[in-house]
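Worksheet: the structure to be examined is printed underneath.
The values are calculated or read from the model by the stated rules, or taken from the named source; none is laboratory data. Note that the structure is a prediction, hence the values are computed from the model and not measured. Please note: Cβ atoms are built from the backbone with ideal geometry, for glycine as well, and neighbour counts cover all protein chains shown. We work out accessible area using only protein heavy atoms, side chains counted, and drop any ligands, DNA or RNA first. Shrake-Rupley method; radii C 1.70, N 1.55, O 1.52, S 1.80 Å.
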Amino acid sequence: MADSALGISRLVLLLLLLLGLGNGFVSAYVHIEDLLQNVEVLEGERAKFVCKVKTHPLDEKRLKVQWKHNGEFLDLDLSRSESVAGRHVYKAERNRHALIIKNTRLKDTGVYTCMASVGLDTDMSNAHLLVKGPPGPPENVEVGACIGRSAQLQWEEGNANGAEVSRYIVLFNTSDTPDRWHDYFEQFPGDTLRANIELSPWGTYAFRVKAVTELGVSKPSPVTAMSCTTPPERPDTNPKNVRTRTDIKNMLVIEWNPMERLHFNGPGFQYLVNWRRKGSLAWESDSVEDPLQSIFQQEVQDVYGLYEVQVKAENDMGQSHQPAFVYIGRSGESEPVVSPKDFRLNPSHPPESHKAYFIWEAVNTSVNITNGKFCGYKLRYWKSAEGRHKQKEVDFVLAPGQRHGPDMRVSVLDLPAYTALRAQVAVMNTHYTGPPSQTIDFFTPEGTPSSVREMHVEAYGVGYVLLKWLPPDQPNGVLQGYDIAYQHIAGLKVGKLKGLSPQINNPSTLGARISGLKSDHQYRFYVWARTNAGRGNAAYTDIRTLRGKLPDPPKLLVAQLVNSSINVTWQADQAPDTHYLLEYRQDGHNGWRTMDYIWNKSWVVLDHFDPVSDYEVRLLARNRLGDMSTSSILKFSNQRHGE
């Protein structure tokens with residue numbers, strides 16, 4: 001019955017279509033309502049085409065949509081509402097069918113076609129995708145002619161890839177270095193396809209061309225099949241950056257930037273070096289035959305003498321067309337001959353723990369005394385106990401023309417504290433240092449120490465932490481001991497800092513037990529080393545106490561001294577992980593003496609006590625984590641005491 005009804009419906013629809021044709025009305029089973037729109041994107045962006053298809057509701061299941069690129073079908077699974085094939089994505093939602101090209105490339109440019117069909121009835125729409133990017137290289141680059149030092153190039157425009165070519169760049173190489181390409185100094189406008197290139201003499205050249213648009217620069221074109229060879233000629237230029245060095249005694253050292261092969265212009269290229277003493281009329285000269293060499297040395301008899309120098313380029317065709325510039329330079333420096341006088345500590349500023357102040361008479365800075373360019377002073381210091389082989393240097397450089405009074409007044413930082421030191425000062429020029437001044441001795445006072453080393457938590461439990469550390473590398477004085485503090489941390493909140501009392505006053509004590517902490521709490525612990533000058537920077541570590549409870553404190557019942565023995569009886573919880581220690585001391589003493597508890601008893605007898613003294617005793621319970629609780633202190637005396 002259903003098939004019969006569907007057949008009748010289609011027959012009726014066909015009659016209506018035939019009637020419509022007679023009235024000038026055109027209808028179809030399938031129709032693309034909105035034509036595809038042209039799309040332009042930059043390379044790497046996403047492109048999207050949407051095909052809106054209308055068909056009779058009875059034919060929706062028969063509708064078939066296909067996509068083409070430049071006439072070729074795209075390999076998409078159109079039976080699904082979403083299909084991905086490489087960078088192509090097909091999506092169908094109701095009557096909208098979309099094609100998405102991800103991460104577009106230049107080769108994606110072209111015509112895209114949406115084909116919608118129901119049986120033999122088909123409709124289609126076309127649109128163009130333009131993927132814009134850097135241009136393609138120019139094509140068919142040729143050498144038109146080689147005339148003397150000129151080359152004529154011509155080429156054809158490559159694929160501009162969506163943007164107008166603004167200019168062309170010509171590249172050239174030589175047969176000596178074929179892998180090294182040079183940009184021609186002039187660029188050519190985008191509306192021209194030819195160029196005249198001026199070349200250096202004595203070379204064989206090949207060419208490539210690149211195109212430039214607002215979207216980038218193309219790859220170079222293939223190398224021209226024809227090359228151009230230019231005749232030799234004298235050099236056009238001379239070396240740049242001619243200068244002298246002054247670091248070698250009794251030598252005139254001339255340097256320059258070596259010229260590139262492109263500027264040799266002919267065979268037999270070399271440098272002609274000329275020099276003369278300032279004020280002399282006669283030039284001396286010598287040749288440097290290696291084109292890659294950039295230094296010439298000549299022995300002279302003066303120190304830091306003033307010279308005129310020049311370096312010319314020449315080859316077998318003759319010297320450079322360009323006259324060589326004359327540069328002013330100097331011969332090598334030597335050690336200054338003067339030393340500062342009256343070097344001493346500045347009486348207005350006593351030494352500090354890491355800083356000392358010095359003063360001395362300024363020297364005459366004439367060239368014949370400093371034997372070079374005066375730069376300032378070099379102050380050396382060292383520990384008296386180590387000697388000069390471990391000396392340190394501080395340079396006090398004066399800017400050219402910098403004025404100062406008859407005395408130099410300086411300060412030196414980063415000195416070791418609480419140390420006997422020796423110091424001296426000398427004059428320096430650019431490369432050498434003169435004889436030192438007299439040596440002075442001084443002593444820096446104590447300073448605060450550096451941080452303790454290797455601070456860590458040795459052990460911790462429910463209510464205690466055991467800290468350990470090593471002394472600071474730089475005590476900067478006589479260590480007096482260590483300060484300890486801690487604070488509770490809860491997230492971003494920090495509690496009040498609590499100091500350990502009493503602090504550690506023995507510098508050989510390198511650990512501390514902090515008790516009275518709360519279970520399952522985060523704490524930060526600080527340790528400072530301390531001298532008479534104060535405490536230094538803190539070292540710290542964080543730890544979270546364990547979750548649990550402290551052992552129950554034991555209860556002392558009886559403690560008696562009979563003759564020279566102590567009888568002690570107690571009551572305590574015999575927990576399997578609890579260890580007991582008995583401590584005792586004479587009344588009035590600070591130190592406790594300790595003995596372990598005997599596990600299967602609740603009493604103990606201690607011998608060898610003074611029968612005429614009073615005593616104190618207490619019992620400690622300790623669990624396996626090291627947490628302890630203490631009984632109250634019980635005082636007692638000999639039964640005969642006082643008789």
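Scan region 625-643 for residues that are closer than 23 Å to residue 464 by Cβ and either at pLDDT below 85 or among the β-branched types (Val, Ile, Thr) (or both) and jot them down.
Initial filter on region 625-643 (closer than 23 Å to residue 464 by Cβ): 625-633.
The answer is 630, 633.
What is the residue count in region 382-436 for residues that are of a type outside the set (D, E, K, R), in contact (Cβ under 8 Å) with a residue 60 or more places away in the chain and within 30 Å of residue 304 (Cα to Cα)?
The initial filter retains those residues of region 382-436 that are of a type outside the set (D, E, K, R), namely 382, 384-385, 387, 389, 391, 394, 396-402, 404-406, 408, 410-413, 415-421, 423-436.
If we keep only those that are in contact (Cβ under 8 Å) with a residue 60 or more places away in the chain too, we end up with 408, 411, 415-418, 421, 423-436.
Right, trim to within 30 Å of residue 304 (Cα to Cα) and you get 408, 423-436.
Residues meeting the conditions: 15.
Of these, 312, 341, which one is under 30 Å from residue 369 (Cα atoms) and out of contact with any His (no Cβ under 8 Å at 6 or more places or on another chain)?
Working: 312 fails: under 30 Å from residue 369 (Cα atoms).
Going through 312, 341 in turn, just one is under 30 Å from residue 369 (Cα atoms) and out of contact with any His (no Cβ under 8 Å at 6 or more places or on another chain): 341.
Looking at region 393-422 only, could you name the residues that are of a type in the set (A, V, I, L, M, F, W, C) and closer than 13 Å to residue 376 by Cβ?
We begin by selecting, within region 393-422, every residue of a type in the set (A, V, I, L, M, F, W, C); these are 394, 396-399, 408, 410, 412-413, 415, 417, 420-421.
Matches in region 393-422: 394, 396, 397, 398, 399, 408, 410.
Working only within region 304-333, note down all residues that are under 16 Å from residue 270 (Cβ atoms) and surrounded by 17 or more Cβ atoms within 10 Å (Cβ to Cβ).
Correct list: 310, 311, 312, 313, 314, 315, 317, 320, 324.
Could you list, in sequence order, all residues of region 91-116 that are open to solvent by 20 Å² or more (accessible area, probe 1.4 Å), more than 14 Å from residue 71 (Cα to Cα) and over 50 Å from the mean Cα position of the chain (by Cα)? It would help to see each step written out before you state the result.
Taking region 91-116 as the starting set, the residues that turn out to be open to solvent by 20 Å² or more (accessible area, probe 1.4 Å) are 91-96, 102-103, 105-107, 109, 111, 115.
Now drop any that are not more than 14 Å from residue 71 (Cα to Cα), which leaves 91-96, 102-103, 105-107.
If the condition is that a residue be open to solvent by 20 Å² or more (accessible area, probe 1.4 Å), more than 14 Å from residue 71 (Cα to Cα) and over 50 Å from the mean Cα position of the chain (by Cα), then 93, 94, 95, 96 are the ones that fit.
Here's the yes/no breakdown for (1) open to solvent by 50 Å² or more (accessible area, probe 1.4 Å); (2) small (Gly, Ala, Ser); (3) within 30 Å of residue 418 (Cα to Cα); (4) in contact (Cβ under 8 Å) with a residue 40 or more places away in the chain:
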residue: 484; (1), (2), (3), (4): no, no, yes, yes
residue: 490; (1), (2), (3), (4): yes, yes, no, no
residue: 493; (1), (2), (3), (4): yes, no, no, no
residue: 505; (1), (2), (3), (4): yes, no, yes, no
residue: 512; (1), (2), (3), (4): no, yes, yes, yes
residue: 517; (1), (2), (3), (4): no, no, no, yes
residue: 524; (1), (2), (3), (4): yes, no, no, no
residue: 532; (1), (2), (3), (4): yes, no, yes, yes
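Pull out all pairs, ordered by first then second residue, where Cβ-Cβ is under 8 Å, the residues are six or more apart or on different chains, the first lies in region 270-281 and is within 16 Å of residue 243 (Cβ to Cβ), and the second is part of a loop (DSSP other than H, G, I, E, B).
Final answer for the pair search is 271/239; 271/291; 271/293; 274/283; 274/324; 275/283; 278/305.
Taking the condition of being assigned to a loop (DSSP other than H, G, I, E, B) and within 25 Å of residue 176 (Cβ to Cβ), how many residues in region 224-253 meet it?
First, pick out the residues of region 224-253 that are assigned to a loop (DSSP other than H, G, I, E, B): 224-227, 231-239, 246-250.
After this cut, where a residue has to be within 25 Å of residue 176 (Cβ to Cβ) as well, the list is 224-227, 231-239.
Of the residues in region 224-253, 13 are assigned to a loop (DSSP other than H, G, I, E, B) and within 25 Å of residue 176 (Cβ to Cβ).
Take region 579-624 and flag every residue that is of a type in the set (Phe, Trp, Tyr), outside any strand (DSSP E or B) and modelled with pLDDT under 80.
Step one: list which residues in region 579-624 are of a type in the set (Phe, Trp, Tyr), which gives 580, 584, 592, 597, 599, 603, 609, 615.
Now drop any that are not outside any strand (DSSP E or B), which leaves 592, 597, 599, 609.
597, 599, 609, listed by residue number.
Working carefully through the options 44, 86, find the one that is at positive phi and touching a Ser or Thr at 6+ places or on another chain (Cβ under 7 Å). Reasoning before the result, please.
Values: 86 fails: touching a Ser or Thr at 6+ places or on another chain (Cβ under 7 Å).
That would be 44, the only listed residue that is at positive phi and touching a Ser or Thr at 6+ places or on another chain (Cβ under 7 Å).
Looking only at region 224-265, count how many residues are hydroxyl-bearing (Ser, Thr, Tyr) and open to solvent by 70 Å² or more (accessible area, probe 1.4 Å). Talk me through it step by step, then tell me what you get.
Applying the first criterion (hydroxyl-bearing (Ser, Thr, Tyr)) to region 224-265 yields 224, 227, 229-230, 237, 244, 246.
Among the residues that remain, those that are also open to solvent by 70 Å² or more (accessible area, probe 1.4 Å) are: 229.
Residues that pass the stated criteria total 1.
Taking residue 366 as the residue in question, decide whether it is surrounded by 16 or more Cβ atoms within 10 Å (Cβ to Cβ), more than 28 Å from residue 474 (Cβ to Cβ) and over 41 Å from the mean Cα position of the chain (by Cα).
Working: surrounded by 16 or more Cβ atoms within 10 Å (Cβ to Cβ): no; more than 28 Å from residue 474 (Cβ to Cβ): yes; over 41 Å from the mean Cα position of the chain (by Cα): yes.
In short, no.
Check 208, 180 and return the single one that is at negative phi and in a loop (DSSP other than H, G, I, E, B). Quick ask: steps written out before the conclusion?
Numbers: 208 fails: in a loop (DSSP other than H, G, I, E, B).
Among 208, 180, only 180 is at negative phi and in a loop (DSSP other than H, G, I, E, B).
What are the residue pairs meeting all of these: first residue in region 465-476, first residue within 7 Å of residue 453 (Cβ to Cβ) and hydrophobic (A, V, I, L, M, F, W, C), second residue in a loop (DSSP other than H, G, I, E, B) and open to solvent by 40 Å² or more (accessible area, probe 1.4 Å), Cβ atoms under 8 Å, and 6 or more apart or on different chains?
Matching pairs, first to second residue: 469/510; 470/510.
Could you grab me the full set of residues in region 369-385 that are surrounded by 12 or more Cβ atoms within 10 Å (Cβ to Cβ) and over 24 Å from residue 347 (Cβ atoms)?
Let us first name the residues in region 369-385 that are surrounded by 12 or more Cβ atoms within 10 Å (Cβ to Cβ), namely 369-384.
Once the filter is applied, which keeps residues that are surrounded by 12 or more Cβ atoms within 10 Å (Cβ to Cβ) and over 24 Å from residue 347 (Cβ atoms), region 369-385 yields 369, 370, 371, 372, 373, 374, 375.
(1) free of Cβ contacts under 8 Å to residues at least 24 places away in the same chain; (2) open to solvent by 50 Å² or more (accessible area, probe 1.4 Å); (3) under 25 Å from residue 162 (Cβ atoms): which one isn't true of residue 88, the others all being true?
Going through the list (1) free of Cβ contacts under 8 Å to residues at least 24 places away in the same chain; (2) open to solvent by 50 Å² or more (accessible area, probe 1.4 Å); (3) under 25 Å from residue 162 (Cβ atoms), residue 88 breaks only (2).
How many residues does region 144-176 hold that are part of a strand (DSSP E or B), under 41 Å from the mean Cα position of the chain (by Cα) and hydroxyl-bearing (Ser, Thr, Tyr)? Break it down into steps so the answer makes sense when it comes.
Residues of region 144-176 that are part of a strand (DSSP E or B), as a first pass: 144-147, 150-156, 167-174.
Cutting the leftovers down to under 41 Å from the mean Cα position of the chain (by Cα) gives us 167-174.
Checking which are hydroxyl-bearing (Ser, Thr, Tyr) leaves us with 168, 174.
Looking only at that region, the number is 2.
So, in region 159-199, how many residues would count as being open to solvent by less than 30 Å² (accessible area, probe 1.4 Å), of a type in the set (Gly, Ala, Ser) and at pLDDT below 95?
2
Looking only at region 117-134, count every residue that is open to solvent by less than 10 Å² (accessible area, probe 1.4 Å) and either modelled with pLDDT of 95 or more or closer than 20 Å to residue 43 by Cα (or both) and tell me the total.
Pass one, region 117-134, residues open to solvent by less than 10 Å² (accessible area, probe 1.4 Å): 118, 125, 127, 129, 131, 133.
Checking which are either modelled with pLDDT of 95 or more or closer than 20 Å to residue 43 by Cα (or both) leaves us with 125, 127, 129, 131, 133.
Count: 5.
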